[in-house]
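Contents: one structure, followed by commentary.
Where a number appears in this text, it was derived from the coordinates with a stated rule and is not lab data. Worth saying up front: this structure is predicted, and the values here are computed from it rather than measured. Quick reminder, even Gly has a Cβ in these numbers, built from the backbone with ideal geometry, and neighbours come from all protein chains shown.
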Amino acid sequence: MYFALTDEQRALAETVRALLADRFDLRAVRAVVDDERGDGHPADLWRAVGEQGWLSVCVPQEHGGLGLGLLDAQVIAREFGAGVVPGPWAATVLAGAAVRRDGSPEQAAAVLGPLGVGELVATVALRGPGGSFGPGGIAVRADAAGRLDGAASGVEYAHVADVIVVAATEPTPPGVDAGGGDAGGGVGLYLLERGGAGVRIERQAGIDGTTRLAALTLSGAPAARLPGSDAAALADLLGRGAVLAAADLVGVARAALTRTVAYDTERVQFGRPVGSFQALAHHLADLHVAVTMAEHAVLYAAHALDENRPDADLAVAVAKSKTNQAAGDATAAMVQYHGGIGYTWEHDTHFFYKRAKRLIAAFGDSRQHLEQVARLTVDTVS
Amino acid sequence: MDLSYPPQAEEFRAELRTWLAANIPAAWTVPGFWATVGEDEAFDLRRDWERRKALAGFAGIDWPVEYGGRGGTPAMRAIHDSELVRAHAPRSVNSLGLVFLAPTVMAVGTPRQKAEIIGPMLRNEVIWCQGFSEPGAGSDLAALRTHGVLDGDEYVVNGQKVWTTFAGRGDRIFTMVRTEPGSSRHRGLSLLLIDMDAAGVEVRPIRQMSGVSEFGEVFLTDVRVPASQCVGGIGNGWATAMLLLSFERGAAGISQYTAYRQAYDEIVRVARALGRDGDPVLRQELARRRVELECLHYQAMHVLTEVERGHDLGAASSVTKLQWSQAYQGLFETFDELLGADVALLRPTADLDLTALRQESFWTRSVTIWGGSSQVQRTIVAERVLGLPRGS
């Protein structure tokens, strides 16, 4: 039994933390957030991330990557969350995972090598305006020739992406009976290249300045189908996205808690450090328990996906719903227990609070994941 | 990450499973069976069964062989505990002795104490009670007032203990006594072993909110205790108590998860029987509880990892306690919720008997109190894990 990160994984976390402290601290984050017209994609950071090989964690070795698993990727995601780091790292890793799993050898060769070294920015477009994460939320249709029509919303860094993996509903292939259930056939993933015909990308105003979002409008845009993709591929991609979002969230949550403890140890009111008041101390203790459980849950879910464990679907839903709760509570407490200063733009609390807000809804909100837990644990009891 | 157990541990699991399959009567595996048996009869059945298990070699799993143990690993211990739950084996009647006293005696007992205490405990020939809490010393153990005065080579002990599990059925009690007259707080205490049938020991059962009486009060009036019946040294009781309480059931989380999963499934069956398992709000609530149970499982695997590597759990065991007690209690709050208007009934329909689940639901109110209340645990986490300044 070994339920913990390995020494190598711990060292990786340490390296990420050290690089961020050295080259991209909260002042750098603030500069990105405050530059509202900027693309939110700091080039020097991206170069450093590429040089460190952090984009190639999940890229297979034959394409020059490290060939590691989601468990290793979540180590990085957690540190990026803790540093509220801007940029399309998670989106790129996720798009790479889809190409690796479902792409043709040619697609894999064209995308994964450059992606691993930071030459390509990639992202995923999985839901339409107002839609949820899942097949029902897709608002892009593919025709038989692979042309895409429709819209996607809230796409991370689509405005700087070189390739976008787009989820689209597909017409029923000729000769296949659509049956009663899924009207209109299945789901496929498509590789859309930057600057193609029929693609319009517009930035969307958002609450989380550390991560920029854009909308996609597609009118007969030619795209290349990932030949291995289907509904299960979409589910897999959503699961991986949920784990990476959960890892980022748990990093946000731990950092929010640590920073709040530090502040409340120093801040004196009524002649005592406010952290010595039981009303705060006990709530912070509860948050420590919740964040610790969320950290475990993310580890387990990443491992379960890496190893194809039979309870992987449950593990993902557990991890996302638990991190949603822990991060929501920890970041709200961060604002509250900093007092008035925590409510200002000048203080860093809002970076954590807003990043958590975005991620809590990303790749399935709590309601969606809890219903999944119910499907897997209530409906299956005999 | 490696969530597998070593082959040797899996072989042990298979062997134990075979023994359990042959040695647990089918009737015991029916949910709610123990609620149908009288308390005295249940105690005897449990004691005798556990003795047979020990004689078959399935006790003291992670104890050294020299003490009659199996010399196994913490993982084997976790497997043992979990398989017992899975097979619906009765719970131990000697757990306070097995979990706390035995390892303490192994660590600091005299050779004679080791010989006299450990073997008979393992075979359930002596059932042990714990005498720490007092009416004025609950969470604040150092406030205890039971005192012993040396007379020749015996201590004359007077005082009152409370919340003593199996007080009416145990044979001996390990108890914290103030043996230095005029001492206060952590000084002048000793861990004394007292026969429950000694002159001057009187037991009064406490009826709990569930209606059963697992706990009792123990009144000590001029009880004569030989000075040789002290573990860890006269006057050294606080250190001995801290050592004793440090034998946290490191591997217990895995079996707790197994047990609470059974409760979860039972509760889901109730929801289904009442036609409420499709209610979207209740589904969310059940799922939320399940998430906490899964987290308990992860925490248990994490703790087992630490224990197997010989790491000291320290204040982190407070995290485990908060998680398991609140997850367990919360599960039964959802049980109440899903019963809706039927919450006050033990048999809401002709074929639905909730007696056992209801008893368990009352029991869960106690788990956030004993063994360090949630409030005490939060203070420990705040000060010793998070490093927040101490409250005044």
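Compute the angle between helix B:280-308 and the longest alpha-carbon principal axis of chain B, please, reported from 0 to 90 degrees and rounded to the nearest 10.
Approximately 40 degrees, to the nearest ten.
Along the positive direction of the dipole of the protein assembly as shown (beta-carbon charges: Lys, Arg +1; Asp, Glu -1; about the Cα centre), which of B:Gln160, A:His41, B:Ser82 reaches farthest?
B:Gln160
Can you list residues from other chains, or at least 5 along the same chain, whose modelled amide H is less than 5 Å from the amide H of B:Met196?
B:Arg172, B:Ile173
So, in nm, how far is label B:Leu274 from label B:Leu55 when the simple model puts each one 7 Å beyond its Cα toward the Cβ?
Inter-label distance under the simple model: 4.5 nm.
Rounded, prolate or oblate: which fits the stretch B:7-93, taking a ≥ b ≥ c as square roots of the Cα gyration tensor eigenvalues, rounded meaning a/c under 1.5, else prolate when a/b beats b/c?
On the way: a/c = 2.46, a/b = 1.65, b/c = 1.49.
In terms of gyration-tensor shape, prolate.
Helix-only mean residue ellipticity at 222 nm, chain B, DSSP H runs n ≥ 4 weighted -39,500 (n - 2.57), per residue, nearest 500. What is it? Walk me through the numbers before you get to the answer.
Working: 11 runs with 169 residues, N = 392.
That calculation yields -14000 deg cm²/dmol at 222 nm.
In whole Å, what is the distance between the alpha-carbon centres of the stretch A:231-248 and the stretch A:123-155?
Result: 16 Å between the Cα centres.
Does anyone have the angle between helix A:7-23 and the longest principal axis of chain A? Alpha-carbon axes, 0 to 90°, nearest 10?
Relative to chain A, helix A:7-23 is tipped by roughly 80 degrees.
How high is the FRET efficiency between B:Leu313 and A:Ala235 when r is their beta carbon distance and R₀ equals 35 Å, given to the nearest 0.05?
Working: r = 38 Å, r/R0 = 1.09.
FRET efficiency, B:Leu313 to A:Ala235: 0.35.
Can you give the mean number of other chain Cβ atoms that lie within 10 Å of the Cβ atoms in peptide A:371-380? Intermediate values should be presented prior to the final figure.
Numbers: counts 4, 1, 9, 12, 2, 2, 12, 13, 5, 2.
For peptide A:371-380, the averaged partner shielding equals 6.
Work out the length of the dipole vector of the stretch A:123-230 about its Cα centre, built from +1 on the beta-carbon of each Lys and Arg and -1 on the beta-carbon of each Asp and Glu, and round it to the nearest 20 debye.
Numbers: 8 positive and 11 negative charges, 60 e Å.
Approximately 280 debye in magnitude.
Go ahead and estimate [θ] at 222 nm for chain A from helices alone: -39,500 (n - 2.57) per DSSP H run with n ≥ 4, summed, over the residue count, rounded to 500.
Working: 11 runs with 190 residues, N = 382.
One gets -16500 deg cm²/dmol as the mean residue ellipticity at 222 nm.
What are the lysines whose alpha-carbon lies under 26 Å from the alpha-carbon of B:Lys53, with same-chain residues fewer than 8 places away excluded?
Leaving aside lysines fewer than 8 places away in the same chain, those within reach of B:Lys53 are B:Lys114.
As an exercise, use a Förster radius of 30 Å and the Cβ-Cβ distance of A:Ser104 and A:Thr172 to find the FRET efficiency, rounded to the nearest 0.05. Kindly include the intermediate steps, with their values, before the conclusion.
Numbers: r = 23 Å, r/R0 = 0.76.
Efficiency computed from Cβ-Cβ geometry: 0.85.
What lysines sit close enough to A:Lys320 to cross-link, taking a C-alpha to C-alpha distance under 27 Å and skipping anything fewer than 8 places away on the same chain?
A:Lys354, A:Lys357, B:Lys321
Using Cα pairs under 8 angstrom and six or more residues apart, how large is the relative contact order of chain B, in percent? The partial results should precede the final answer.
Values: 599 pairs, mean separation 52.5, N = 392.
Value for chain B: 13 percent.
Amide H neighbours of B:Leu150 under 5 Å, at least 5 residues apart or on other chains, H built in the peptide plane: list them.
Amide H neighbours of B:Leu150: B:Val156.
Taking Cα pairs under 8 Å and at least six residues apart, what relative contact order does the stretch A:7-120 come out at, in percent? Please report the intermediate quantities before stating the final value.
Numbers: 121 pairs, mean separation 35.8, N = 114.
Over the stretch A:7-120, the number comes to 31 percent.
Which of B:Gly237, B:Gly275, B:Gly330 moves the most in a Gaussian network model of chain B with Cα springs under 10 Å?
Checking each option, the largest mean-square fluctuation is seen for B:Gly275.
Rounded if a/c is under 1.5, else prolate if a/b is larger than b/c, else oblate: which is the stretch A:60-109, with a ≥ b ≥ c the root eigenvalues of its Cα gyration tensor? Can you show the working numbers first?
Working: a/c = 2.85, a/b = 1.95, b/c = 1.46.
Prolate is the answer for the stretch A:60-109, as a/c is 1.5 or above and a/b outweighs b/c.
Select from the stretch B:129-224 those trypsin sites (Lys or Arg not before Pro) which occupy a DSSP coil region and have at most 16 other Cβ atoms within 10 Å, ordered by residue number. Please report the intermediate quantities before stating the final value.
On the way: sites: B:Arg145, B:Lys161, B:Arg169, B:Arg172, B:Arg178, B:Arg185, B:Arg187, B:Arg207, B:Arg224; in loops: B:Arg145, B:Arg169, B:Arg185, B:Arg187, B:Arg207.
Those that pass, being in a loop and sparsely packed, are B:Arg145, B:Arg185, B:Arg187, B:Arg207.
Between B:Ser246 and B:Phe362, what is the label-point separation in nm under the 7 Å Cα-to-beta-carbon projection?
Inter-label distance under the simple model: 3.8 nm.
Can you tell me what percent of all Cα-Cα pairs in the protein assembly as shown are more than 43 Å apart? Intermediate results must be reported in sequence, preceding the final value.
Values: 111965 of 299151 pairs.
For the protein assembly as shown, the fraction of Cα-Cα distances above 43 Å is 37 percent.
For the Cα atoms of chain A, what angle does the longest principal axis make with the long axis of helix A:278-306, in degrees from 0 to 90, nearest 10?
The angle comes out at about 30 degrees.
Other chains near A:301-313: what is the mean number of their Cβ atoms within 10 Å of each residue's Cβ? Walk me through the numbers on the way to the answer.
Numbers: counts 2, 1, 3, 2, 0, 1, 3, 0, 1, 0, 1, 0, 0.
Mean inter-chain Cβ contacts per residue within 10 Å come to 1.
Could you tell me the relative contact order of the stretch B:252-385? Use alpha-carbon pairs under 8 Å, at least six residues apart, and round to a whole percent. Walk me through the numbers before you get to the answer.
Details: 101 pairs, mean separation 40.6, N = 134.
Relative contact order here is 30 percent.
Find the Rg to Rh ratio for chain A, where Rh is the Kirkwood radius over alpha-carbon pairs and Rg uses the same atoms. Spell out each step's value before the answer.
Details: Rg = 20.9 Å, Rh = 21.3 Å.
Computed over Cα atoms, the ratio is 0.98.
Springs between alpha-carbon atoms under 10 Å, Gaussian network over chain B: tell me which of B:Thr379, B:Thr334, B:Thr104 tops the mean-square fluctuations.
Among B:Thr379, B:Thr334, B:Thr104, the largest GNM mean-square fluctuation belongs to B:Thr379.
Considering only DSSP beta bridges whose two residues both sit in the stretch A:123-230, what percent are antiparallel, to the nearest 5? Walk me through the intermediate numbers first.
Numbers: 26 of 30 bridges.
Once the DSSP bridges in the stretch A:123-230 are tallied, antiparallel ones form about 85 percent.
Return the sequence-ordered ³J(HN,Hα) values of the stretch B:323-337 in whole Hz as given by the Karplus equation 6.51 cos²θ - 1.76 cosθ + 1.60 applied to θ = phi - 60°, using x for Gly and Pro.
So the J values, rounded to whole Hz, are 5, 5, 5, 6, 5, 5, 4, x, 4, 7, 5, 5, 4, 4, 4.
If we count chymotrypsin sites (Phe, Trp or Tyr not before Pro) as exposed when they sit in a DSSP loop and have at most 15 other beta carbons within 10 Å, what is the longest stretch of chain A that avoids them all? Working shown, then result.
Working: sites that count: A:Phe270, A:Trp345.
Result, exposed sites excluded: A:1-269.
Give me the distance between the Cα centres of the stretch B:229-245 and the stretch B:332-392, rounded to whole Å.
Taking the Cα centre of the stretch B:332-392 as reference, the centre of the stretch B:229-245 is 32 Å away.
For A:Asp365 and A:Gln269, what is the calculated FRET efficiency with R₀ set at 41 Å and r taken between the beta-carbons, to the nearest 0.05?
Values: r = 36 Å, r/R0 = 0.89.
E between A:Asp365 and A:Gln269, to the nearest 0.05, is 0.65.
Go ahead and set up a Gaussian network model of chain B, Cα springs under 10 Å, then flag whichever of B:Leu96, B:Leu189, B:Leu352 fluctuates most.
Between B:Leu96, B:Leu189, B:Leu352, it is B:Leu352 that shows the largest mean-square fluctuation.
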